[in-house]
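Laboratory data are not the source of any read-out in this text; all were calculated from the coordinates shown. These figures come from a predicted structure and were not determined experimentally. Cβ sites come from the backbone with ideal geometry, for glycine too, and all protein chains shown count toward neighbours.
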Amino acid sequence: SFEVKIASSGASFSVPADKTVHQVLAENGIEIMVSCEQGVCGTCLTRVLEGEPDHRDLYLDDDEHAANDQFTPCCSRAKSKVLVLDL
Ligand code: FES
């Protein structure tokens, strides 16, 4: 598991292996718009301020993945212990 931290509030939440970032945020009252939930459409794209995403989407290109400043919380995860999200 890893943690997601909400930059605006400082709240952080643990994301277990069997849940997506989107699911964990929704359970905690933070709704991110999603559509495909498969990493294809880009609807859920969220800015990352710190940490390294584990990109699982097909929406961003290689350069955008390498920049590590945005990710798709419907399906992507984290390589670092914490991801700080611009929410
Ligand atoms: Fe489509 Fe996340 S909802 S990429």
Out of (1) within 16 Å of L85 (Cβ to Cβ); (2) exposed (fewer than 14 other Cβ atoms within 10 Å of the Cβ); (3) not small (G, A, S), what's the single condition that is false for V15? (2)
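Taking the stretch 1-56 as the region of interest, how many residues are of a type in the set (S, T, N, Q) and either within 15 Å of the ligand (Cβ to nearest atom) or under 9 Å from C74 (Cβ atoms) (or both)? Give the derivation first.
Just the residues of the stretch 1-56 that are of a type in the set (S, T, N, Q), to begin with: 1, 8-9, 12, 14, 20, 23, 28, 35, 38, 43, 46.
Keeping just the survivors that are either within 15 Å of the ligand (Cβ to nearest atom) or under 9 Å from C74 (Cβ atoms) (or both) gives 20, 23, 35, 38, 43, 46.
Selection size over the stretch 1-56: 6.
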Residues satisfying the stated conditions in the stretch 57-87, i.e. surrounded by 15 or more Cβ atoms within 10 Å (Cβ to Cβ), away from the ligand (no atom under 13 Å from the Cβ) and in a loop (DSSP other than H, G, I, E, B): N68, S80, L87
Against the conditions (1) buried (at least 16 other Cβ atoms within 10 Å of the Cβ); (2) in a loop (DSSP other than H, G, I, E, B); (3) not polar (S, T, N, Q), where does E3 fall short? Just the number, please. (2)
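Does V40 meet the test of being on the phi < 0 side of the Ramachandran plot, part of a strand (DSSP E or B) and free of Cβ contacts under 8 Å to residues at least 60 places away in the same chain?
Details: on the phi < 0 side of the Ramachandran plot: yes; part of a strand (DSSP E or B): no; free of Cβ contacts under 8 Å to residues at least 60 places away in the same chain: yes.
For V40, the condition - on the phi < 0 side of the Ramachandran plot, part of a strand (DSSP E or B) and free of Cβ contacts under 8 Å to residues at least 60 places away in the same chain - is not met.
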